[in-house]
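Trainee: Okay, handing you the structure first.
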Amino acid sequence: DEARAIADYDAALRLKPDSPDALMDRANAYANTGRPQDALEVYRQGLRRHPKNPGYLSNIAVILANQGEPERALAEAEKAISLDDRFTSAFINAGFFLQTLGRLGEAAQRFERALSLEPDNAAVRDALQAIKHRLAVESR
């Protein structure tokens, strides 16, 4: 269960306080148990300790989007992309945030980049196809 997982991650962090994996896993456990503020705090702690890890920014972005803040979420996803332009999750997240904001052309670009990194990602391919269809209908 998630409470046990959080306790295990806490124990791991006591042994290795700077472990990026243990920090990420602990934050993910908080996010998965409906504790987004705790998750944000741990993601930000991880980011302070490991500022070049785009995963923390990407996960912060998802929580912000889930809290109804797509603009802030997009900014975090873009920061993740600037840290690692091969971090597929950040491109996928940015695509969905842009789509939410109605910026479909930009969303399509982000999804195309994600597909160039993960050509077999069916969810991204479907999202891109839906956007291209919508843009075609709107241009008529």
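Trainee: Output wanted: per-residue J couplings in Hz (rounded whole) for the stretch 35-41, from phi through Karplus 6.51 cos²θ - 1.76 cosθ + 1.60, θ = phi - 60°, x for Gly and Pro.
Mentor: So the J values, rounded to whole Hz, are 10, x, 5, 5, 4, 4, 4.
Trainee: Carbon and sulfur atoms: what percent of the 1.4 Å accessible area of the chain do they account for? Working shown, then result.
Mentor: On the way: 3780 of 7840 Å².
Of all accessible area on the chain, carbon and sulfur atoms account for 48 percent.
Trainee: Name the lysines eligible as straight-distance cross-link partners of K79: C-alpha to C-alpha under 16 Å, and not fewer than 8 places from it in the same chain.
Mentor: Here the lysines satisfying the reach criterion relative to K79 are K52.
Trainee: Okay, moving on. Using unit Cβ charges (K, R positive; D, E negative) and no other charged atoms, how large, in debye to the nearest 20, is the dipole of the chain about its Cα centre?
Mentor: On the way: 19 positive and 21 negative charges, 58 e Å.
Result for the chain is approximately 280 debye, rounded to the nearest 20.
Trainee: Relative contact order for the stretch 14-121 using alpha-carbon pairs under 8 Å, separation at least 6, rounded to a whole percent? Working shown, then result.
Mentor: Working: 128 pairs, mean separation 18.3, N = 108.
The normalised contact order for the stretch 14-121 reaches 17 percent.
Trainee: Still on this structure: Rounded if a/c is under 1.5, else prolate if a/b is larger than b/c, else oblate: which is the stretch 73-140, with a ≥ b ≥ c the root eigenvalues of its Cα gyration tensor? Can you show the working numbers first?
Mentor: Values: a/c = 2.61, a/b = 1.44, b/c = 1.81.
Oblate is the answer for the stretch 73-140, as a/c is 1.5 or above yet b/c matches or exceeds a/b.
Trainee: While we're on this one: Going by average Cβ neighbours within 10 Å, how do the peptides 57-67, 129-139 rank, with the highest at the top?
Mentor: Details: 57-67: 21.3, 129-139: 11.7.
Per-residue Cβ counts within 10 Å, averaged per peptide and sorted highest first, yield 57-67, 129-139.
Trainee: Shifting gears a bit: Which of rounded, prolate or oblate describes the stretch 21-71 when judged by the alpha-carbon gyration tensor and an a/c cut-off of 1.5?
Mentor: oblate
Trainee: Write down Rg/Rh for the stretch 12-140, rounded to two decimals, with Rg from the C-alpha atoms and Rh from the Kirkwood relation over Cα pairs. Please list the in-between numbers first.
Mentor: Numbers: Rg = 15.9 Å, Rh = 15.3 Å.
Computed over Cα atoms, the ratio is 1.04.
Trainee: For the chain, what is the accessible area per residue in Å², given a 1.4 Å probe and the full set of protein chains? Display every interim value, and only then the final one.
Mentor: Numbers: 7840 Å² over 140 residues.
For the chain, the solvent-accessible area averages 56 Å² per residue.
Trainee: What order, most packed first, do the peptides 26-37, 117-128 have when packing is the mean number of other Cβ atoms within 10 Å of each residue? Mind dumping the intermediate values first?
Mentor: Numbers: 26-37: 18.0, 117-128: 14.4.
Packing proxy ranking, top to bottom: 26-37, 117-128.
Trainee: Would you mind classifying the stretch 38-100 by shape? Square roots of the alpha carbon gyration tensor eigenvalues, ordered a ≥ b ≥ c; an a/c under 1.5 is rounded, otherwise it is prolate if a/b is larger than b/c and oblate if not.
Mentor: Working: a/c = 2.42, a/b = 1.18, b/c = 2.05.
Taking the square roots of the gyration eigenvalues as a ≥ b ≥ c, the stretch 38-100 is oblate.
The values are calculated or read from the model by the stated rules, or taken from the named source; none is laboratory data. Since the model is a prediction, treat every value here as computed from it, not as a measurement. A quick note on method: Cβ atoms are made from the backbone with ideal geometry, for glycine too, and the neighbour counts reach across all protein chains shown. Keep in mind that these areas ignore ligands, DNA and RNA; they rest on the heavy atoms of the full protein, side chains included. Shrake-Rupley method; radii C 1.70, N 1.55, O 1.52, S 1.80 Å.
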